[in-house]
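Below is one structure, written out as structure tokens, with a few remarks after it.
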Amino acid sequence: MPTLKSSSRRRFSMVVVGGVAALAATTGLSFAQTAGGSVRTIKIATSAESKPLSWGAIGVEPQGYEPDVLKAINAKLPQYKFEMEGAADIAQETGLVTGKYDIATGGYYKNPARSKQFLIPENPMGASLLKIYSRKGSGINELKDLVGKQIVPLTAGGGTYRYVTQWQTENPQYKIEIAGSNAGVPYPNRLNEIQNKKYDAAILPSNLGQQEVIENQKLDIVASDPILINNTVMLIHRSEKNEALLADVDKALKELKDDGTLSKISVKWFGEDIVKYIK
């Protein structure tokens with residue numbers, strides 16, 4: 001008789017465990033959660049001053065394209081709790097290296113140095129479109145059209161400066177006057193300098209909210225088609241425990257692109273579908 005009871009208990013235990021696993025599969029919860037496992041908190045640093053890509057100081061809930069994408073990812077991954085806070089660019093990467101943050105987002109490009117230092121999902125978060133901003137009717141549509149024009153100074157050593165100088169090297173027949181600057185003049189001011197004819201054009205990533213400024217201030221400025229497209233990625237602190245996080249986030253990003261969620265978030269914040277440019 002005791003043997004029968006013991007056998008019954010084992011069978012009952014198997015039924016309960018099997019039922020929990022089935023419930024997890026149908027509800028989207030991980031088995032660890034339904035069986036008493038804990039939800040892991042993921043600390044995330046987002047850009048503090050890059051509206052509409054991402055903005056929000058410490059203590060203020062981040063807003064923008066990347067925070068909305070992060071929320072959509074978290075909705076697919078209930079085994080994690082994403083906690084976001086705005087941080088300056090230098091603080092983001094420093095905090096990621098030290099492990100203060102598990103994830104950092106800020107319109108980052110993938111390059112060999114970052115690939116070696118951090119974990120990076122194969123699927124991008126979005127795309128950065130480099131465009132030329134000029135007055136309507138200027139006839140400026142591509143870099144060669146900037147010959148003889150006054151161009152807003154580019155941040156010395158920045159990605160745009162490197163791209164334009166490299167293009168100049170590869171196209172020596174077009175002599176473009178490129179000036180480097182560390183002034184850090186806000187882009188709304190730069191757009192007004194084009195409007196007021198101090199400069200003829202500016203070369204800028206299109207995800208900084210220029211279109212909103214142009215519309216709100218009724219500027220006679222237009223953007224060219226993209227002259228350069230770069231995928232943007234999230235960076236993940238390199239550690240053994242974050243390997244699973246990398247795989248989970250990568251899968252979620254693919255699903256969000258495939259089901260059109262990323263495109264909807266893009267149109268909401270940028271007024272255009274940047275996701276269609278993802279390479």
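The values are calculated or read from the model by the stated rules, or taken from the named source; none is laboratory data. The model shown is predicted, which means the values in this text are computed figures rather than measured ones. Counting neighbours? That spans all protein chains shown, and the Cβs are built from the backbone with ideal geometry, glycine included. Areas reflect the complete protein model, heavy atoms only, side chains present, ligands, DNA and RNA absent. Shrake-Rupley method; radii C 1.70, N 1.55, O 1.52, S 1.80 Å.
Go through region 161-177 and report how many residues are in contact with a Ser or Thr (Cβ under 9 Å, 6 or more places away or on another chain) and open to solvent by less than 50 Å² (accessible area, probe 1.4 Å).
Taking region 161-177 as the starting set, the residues that turn out to be in contact with a Ser or Thr (Cβ under 9 Å, 6 or more places away or on another chain) are 161.
If we keep only those that are open to solvent by less than 50 Å² (accessible area, probe 1.4 Å) as well, we get none.
The total comes to 0.
Sort out which residues of region 115-138 are open to solvent by 50 Å² or more (accessible area, probe 1.4 Å) and either among the polar types (S, T, N, Q) or over 21 Å from G209 (Cα atoms) (or both), and write them in order of number. First the steps, then the outcome.
Within region 115-138, the subset open to solvent by 50 Å² or more (accessible area, probe 1.4 Å) is 116-117, 122, 135-137.
Scanning region 115-138 gives K116, Q117, E122, G137.
Applying the selection to region 217-251, what residues are open to solvent by 60 Å² or more (accessible area, probe 1.4 Å) and in a loop (DSSP other than H, G, I, E, B)?
Q217, K218, D220, D225, R238, E240, K241
Among the residues in region 56-66, are any touching an Asp or Glu at 6+ places or on another chain (Cβ under 8 Å) and hydroxyl-bearing (S, T, Y)?
Within region 56-66, none of the residues are touching an Asp or Glu at 6+ places or on another chain (Cβ under 8 Å) and hydroxyl-bearing (S, T, Y).
Cβ-Cβ distance below 8 Å, separation of 6 or more or different chains: which pairs start in region 211-227 with a residue that is more than 21 Å from S266 (Cβ to Cβ) and end on one that is not in a helix (DSSP H, G or I)?
Cβ pairs passing all conditions: D220/R135; D220/K136; I221/Y133; I221/S134; I221/R135; I221/K136.
With the requirement that a residue be among the β-branched types (V, I, T), open to solvent by 30 Å² or more (accessible area, probe 1.4 Å) and part of a strand (DSSP E or B), what does region 39-91 give you?
First pass over region 39-91, keeping only residues among the β-branched types (V, I, T): 39, 41-42, 44, 46, 58, 60, 69, 73, 90.
With open to solvent by 30 Å² or more (accessible area, probe 1.4 Å) added as a condition, the list becomes 39, 41, 58, 60, 90.
Correct list: T41 only.
Does E255 qualify as being open to solvent by 30 Å² or more (accessible area, probe 1.4 Å), part of a helix (DSSP H, G or I) and charged (D, E, K, R)?
Details: open to solvent by 30 Å² or more (accessible area, probe 1.4 Å): yes; part of a helix (DSSP H, G or I): yes; charged (D, E, K, R): yes.
It is true that E255 is open to solvent by 30 Å² or more (accessible area, probe 1.4 Å), part of a helix (DSSP H, G or I) and charged (D, E, K, R).
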